[in-house]
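Quick notes on the structure that follows.
Please treat every number below as a calculation from the coordinates, not as lab data. Note that the structure is a prediction, hence the values are computed from the model and not measured. Cβ placement follows ideal geometry from the backbone for every residue including glycine, while neighbour counts extend to all protein chains displayed.
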């Protein structure tokens, strides 16, 4: 027989959540809940963009990946080429490195993330891959691994190239990957200043380009962008207590709009939605009825975290339930799927997550099994 165990009951909606005031002054935008992956707002999220300096998020990710796997060290030094130096002389945002400087990976990363130095990007790319073209191949390989299906990188800095393209959806996906997989390195994106003790001149102190860092509202990253053909863009992440939202938008006409509209979008998300933790991978356990086992219960858990994001203002009957054919018949091996967590909106099933046995359940011996069965036949479910 089928059994349902009601876990939670909300009088809230579970649907595509739309920003109440849709006239956000950007060409394309997306707002995503970090934990549940629910899209809270979108405006042409798959429209192609020139990601500009948001490209540098991937440049950092490639380096972080090598650092994490001990294939690169923060104190490794790369020699600055004329190719990298020329970008510091061309009017682009720069770290102001000089030809033949020996610069550590740590300083180059700070020059990329905080100062948005295009010269530092090329220096890091050449040091890691031998050429910027080879490094772009590494960037694209990583983009494919992440699932960025609408992105192509041709350089490490995001300077103007018609073939260096992405979408705000892909940038949001990349930003989540950065935050989730490199939490310690991600802290660099929150640093507000970087001082480069350059060769042949006074130290240069530069501030982080992300304007939301200075508002002390919980934003801790990630990256601005600007190209004349794309105008202003921003990928940003805000954290309040245990919850995090990621906003990416592009095509703002001014710097001020980039800042104010991105903050408006993030604040709307926190003000109008909530995210609930339903199950934590291998931690949250559910007890299910068992039959003919050494115990009459078996514990189950999920193999991934399960969160629900819901709109505070909508009033719709939402239930989260356990669904399984039970009682579960022994023997059961640990890791076997034995149930589902199911989300219903009224009578419609809208989300399902499998539950797996968190332990082995052995079958009782023949005589005890026979006695249990006879008791059941005579006395019912005892």
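Points worth noting:
- The convex hull of the Cα atoms of region 28-252, projected and averaged over all directions, covers 11.5 nm².
- When each of 305, 163, 119 is scored by the number of other beta-carbon atoms lying within 10 Å, the sequence from fewest to most is 163, 305, 119.
- Dimensions (Å) - region 218-278, Cα atoms, principal axes, largest first: 44, 18, 17
- Highest mean packing first, where packing is the average number of other Cβ atoms within 10 Å per residue, the peptides 263-271, 340-348 line up as 263-271, 340-348.
- Angle in degrees between helix 132-146 and the longest Cα principal axis of the chain, rounded to the nearest 10: 20 degrees
- Modelled spin labels at residue 71 and residue 47, positioned 7 Å past Cα toward Cβ, are 3.7 nm from each other.
- With neighbour counts taken as other beta-carbon atoms within 10 Å, the residues 57, 184 rank, fewest first, as 184, 57.
- Residues residue 360 and residue 255, FRET efficiency given R0 of 51 Å [Cβ-Cβ distance, rounded to 0.05]: 0.25
- Annotation: the residues 186, 50, 214, sorted from fewest to most other C-beta atoms within 10 Å of their own C-beta, follow the order 214, 186, 50.
- Relative to the compact-globule estimate of 2.2 N^0.38 Å, the Cα radius of gyration of region 153-269 comes out at 1.12.
- The base-10 log of I(q)/I(0) for the chain, evaluated at q = 0.08, 0.09, 0.11 Å⁻¹, reads -0.53, -0.63, -0.82 [Debye formula, identical scatterers on Cα atoms, solvent excluded].
- Cβ-Cβ FRET estimate between residue 264 and residue 145, R0 fixed at 25 Å, reported to 0.05: 0.15
- Of all the options 118, 140, 155, the one that moves most in a Gaussian network model of the chain with Cα springs shorter than 10 angstrom is 140.
- Angle between the chain longest axis and helix 366-379 axis [Cα atoms, degrees, rounded to 10]: 70 degrees
- Between helix 56-68 and the chain: long-axis angle, C-alpha atoms, 0 to 90°, nearest 10: 70 degrees
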